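Written below as structure tokens is the structure these notes are about.
Here, each number is a calculation from the coordinates, and none is a lab measurement. Because the structure is predicted, anything quoted here is derived from the model rather than measured. Cβ: placed from backbone, ideal geometry, glycine included. Neighbour counts: every protein chain shown.
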Amino acid sequence: MSKTTHLFIRGVILLGFTMLLFQLIWTGDINRFIAPRMMPYFYFALIVMGVLGTIQLFRNDIDDHDHHESCHCAHDHDYQGSKKKFAFIYALFIIPIFTGLLFSGHVLGSSQAQTMGFKHELRLATETGIYANNEESQQVAQQIEQDREESATDNNDSSGIPEIDEDEVPEEYREHDEERNIEVLTPESMYPELKEEMLATDHIVMTEDNYVGVISLLEENPDAYVGKELTIEGFTFRESDFSNDQLVVGRFGITCCTADAGIFGLLLEDDRLQEIRDDTWLRVTGTIETIEYNNWQLATLKDIEIERIDQPDDPYVYEQFDYSEL
Amino acid sequence: MKGFLREGVIYALLFLIFFAFLFADTLALDDRLNIPNRVLDFNTIFLSIFLEAIPFVLLGVFVSSIIQVFVSDQTIQKYIPSNPLGAIFPAVIAGAIFPICECAIVPIVRRLMQKGMKLHVAMVILVSAPVLNPIVLLSTFYAFSSDLIVVYARMGLAFLIAMLVGLVIYALYRNKMNPLREQFGAITHEHQANRSFAQKIKDIFYHASDEFFTMGKFLLIGAAFASFIQTFLAREVLVQFGMDPFLGPAVMMAFAYFLSLCSEADAFVGASLSQIFSTSSIVAFLVYGPMMDLKNTLLMLAYFKARFVFTLIAVVTFIVYPVILIFQALMF
């Protein structure tokens with residue numbers, strides 16, 4: 001293959017990536033791969049790709065002896081090799097352009113959720129089954145249990161505060177409380193406003209923006225929210241050891257890109273859930289209660305109303321942190 | 001005649017891409033073809049790793065091209081202490097200050113080496129920049145805010161390990177070996193000065209697009225492997241090793257290697273595993289992943305001789321693992 005052919009095909013590939021990026025950004029499908037806060041980098045990538053592709057097509061350094069003399073980086077080496085090798089290399093670049101353009105609409109669902117595992121289930125597996133026959137590990141598990149109980153009582157202390165009128169709490173106490181929050185940044189202190197909101201309201205509605213926060217707070221101290229109503233939307237999936245009337249309603253939370261997705265959701269149990277297949281999008285409203293599930297205190301919903309909904313345009317939720325508030 | 005045919009094929013390719021670009025929505029192939037979900041999951045994660053890396057690879061390629069064209073060898077030499085061991089500490093500091101992640105650092109380090117930076121100093125920057133990095137510090141702080149020991153351990157141990165890597169690489173090679181692949185060997189660039197500014201800009205773009213293809217193929221292979229592991233390895237498999245003092249850190253290092261996450265995001269994945277793995281295993285995951293992973297191994301293979309890359313992996317691995325075990329013994 002002559003260098004001209006290489007330059008031509010590379011130009012086409014670069015323009016292909018430009019089109020892929022443009023289509024993803026235009027349709028918004030880019031957010032199925034990348035968290036929105038990374039977007040500035042992709043505008044940069046789009047422009048650079050377009051410029052590189054255009055330049056590449058009109059590139060004429062084949063006879064540019066001046067360039068070669070000055071630059072002994074021997075990029076020409078890149079252009080030598082067998083036809084098969086190049087067919088393979090260029091196919092590597094071309095395939096993602098097509099799978100990206102044609103299958104960008106795919107949304108991770110129950111199959112990936114099962115691979116990644118529902119957090120609670122993983123914890124259960126450690127603390128009960130697998131380590132049951134190992135004395136040392138049992139001690140570890142007990143220690144974890146103990147720590148958790150201690151921290152649970154701690155949390156109960158602090159969650160008791162909102163019941164008292166804020167003004168009645170002496171200044172020193174409140175300051176002390178704040179100091180402690182800074183030392184140990186638990187979900188409670190990562191989402192302080194959200195926590196106050198959740199404690200104040202009788203009906204917590206989970207939205208794209210508060211999704212990760214609400215689940216984190218519920219995981220940390222489910223008891224504080226018992227008796228409140230909660231509305232959650234999400235897709236359904238079951239772990240292999242779930243019974244038919246159990247499922248998780250949740251969504252994938254993404255930090256940077258889909259490769260770091262984690263599942264955020266609630267475990268539900270109800271006879272009516274038997275008819276619901278995996279990967280169904282539901283809106284569920286119910287009253288928060290806790291269940292003791294293999295020694296693990298989980299938040300769940302009882303007296304639920306189930307409503308089928310369409311998959312939202314933006315099926316993932318994103319973990320957004322305001323670094324400036326540190 | 002043959003060349004004519006080949007051009008025809010490339011034009012057809014351009015047309016097909018444009019066709020897919022215009023009519024992807026109308027075709028709605030994912031609904032029509034019955035492709036298994038796992039395969040689509042694989043494709044989505046593969047593309048997400050690749051797309052996520054593109055802007056940073058481009059940034060790295062441009063910084064590298066700019067160094068190539070505008071920074072002289074003498075400038076680089078001037079800022080590095082001449083004492084080989086004395087240069088290690090400033091190198092870690094330099095790695096810590098610049099917020100460069102693991103995709104961008106590879107072409108930059110390679111260019112610095114071409115400009116005369118000593119091998120062991122360059123390797124210190126290569127392993128330290130992606131982990132000792134202000135953005136990584138913030139994301140780790142958020143993910144482990146309830147367990148700050150992880151944050152301190154990640155940064156402290158990474159600092160220590162980067163210095164040790166510099167020492168061992170110096171002891172092994174004493175700068176007598178050129179690990180760059182032949183075509184990227186030492187170059188002389190005195191005549192760069194003669195080129196006009198416009199020519200220099202043109203050079204930057206030509207270099208950038210050549211490097212994109214040099215690195216891109218390795219990046220794509222790395223992303224495909226990592227995505228395969230992501231899609232098909234059930235996390236439950238890992239659980240049984242979770243609290244084992246020797247297997248735990250080893251398994252987490254292997255996991256970090258194959259997942260090839262961005263160092264900015266790995267803290268959140270680490271946090272999600274913190275209930276099933278011991279603290280030292282999590283620290284092993286967070287320290288080892290940014291320094292060495294499948295994606296950046298393949299990126300390094302684009303520029304460095306394979307034998308050197310595997311030696312470097314061995315050196316980093318056999319430093320991280322004992323350091324983690326010692327940390328574990330001291331702390332718990």
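Taking Lys and Arg as +1 and Asp and Glu as -1, the other residues whose beta-carbon sits under 10 Å from that of residue B:268 total -4.
When each full DSSP H helix of chain B is screened for a Cα extent of at least 15 Å along its own axis and an average Kyte-Doolittle hydropathy of at least -1.0, the helices passing are B:2-27, B:37-70, B:102-114, B:148-173, B:197-232, B:247-259, B:279-291, B:306-331. Straight-line cross-link reach from residue A:302 at under 27 Å between alpha-carbon atoms covers these lysines, not counting any fewer than eight positions away in the same chain: A:119, A:195, A:228.
Label separation (residue B:78 vs residue A:54): 3.7 nm, computed from points 7 Å beyond Cα along the C-beta direction. Estimated from the Cβ-Cβ distance and a Förster radius of 56 angstrom, the FRET efficiency linking residue A:309 and residue B:152 is about 0.80.
Judged by the ratio a/c of the largest to the smallest principal axis of the C-alpha gyration tensor, the range B:81-174 counts as prolate, that ratio being 1.5 or greater while a/b is larger than b/c.
As a rough footprinting exposure proxy, the listed residues A:307, A:239 were ranked by other beta carbons within 10 Å of their own, and the order from fewest upward is A:307, A:239. Kirkwood hydrodynamic radius, the range B:128-181, all distinct C-alpha pairs: what's the number in Å? Kirkwood radius, the range B:128-181: 12.9 Å. Count charges around residue A:288 for me, please; just the other residues with Cβ under 12 Å from its Cβ, Lys/Arg as +1, Asp/Glu as -1. After counting each charged neighbour, the total is -3.
The distance between label points at residue A:269 and residue A:37 comes to 3.7 nm (points 7 Å beyond Cα on the Cα→Cβ vector). Highest mean packing first, where packing is the average number of other Cβ atoms within 10 Å per residue, the peptides B:124-133, B:19-28, B:309-318 line up as B:124-133, B:309-318, B:19-28.
Estimated from the Cβ-Cβ distance and a Förster radius of 41 angstrom, the FRET efficiency linking residue B:307 and residue A:291 is about 0.10. Are any of the pairs A:3/A:83; B:202/B:305; A:3/B:200 more than 19 Å apart by Cα-Cα distance, and if so, which? Flagged as over cut-off: B:202/B:305; A:3/B:200.
Shape call for the range B:64-120 from the C-alpha gyration tensor, a ≥ b ≥ c root eigenvalues: rounded (a/c under 1.5), prolate (a/b greater than b/c) or oblate? Because a/c hits 1.5 or more and a/b fails to exceed b/c, the range B:64-120 counts as oblate.
Taking square-rooted eigenvalues a ≥ b ≥ c of the alpha carbon gyration tensor, is chain B rounded, prolate or oblate, where a/c under 1.5 means rounded and, failing that, a/b exceeding b/c means prolate? It is oblate, given that a/c is not under 1.5 and a/b is not larger than b/c. Each part gets one Cα centre, and for the range B:220-234 versus the range B:289-309 those centres are 17 Å apart. Net charge in the neighbourhood of residue B:226 (other residues with Cβ under 10 Å of its Cβ; Lys, Arg +1, Asp, Glu -1) is 0. Length available on full extension from residue A:219 to residue A:193: 0.36 nm per residue minus the Cα-Cα distance, which gives 7.7 nm.
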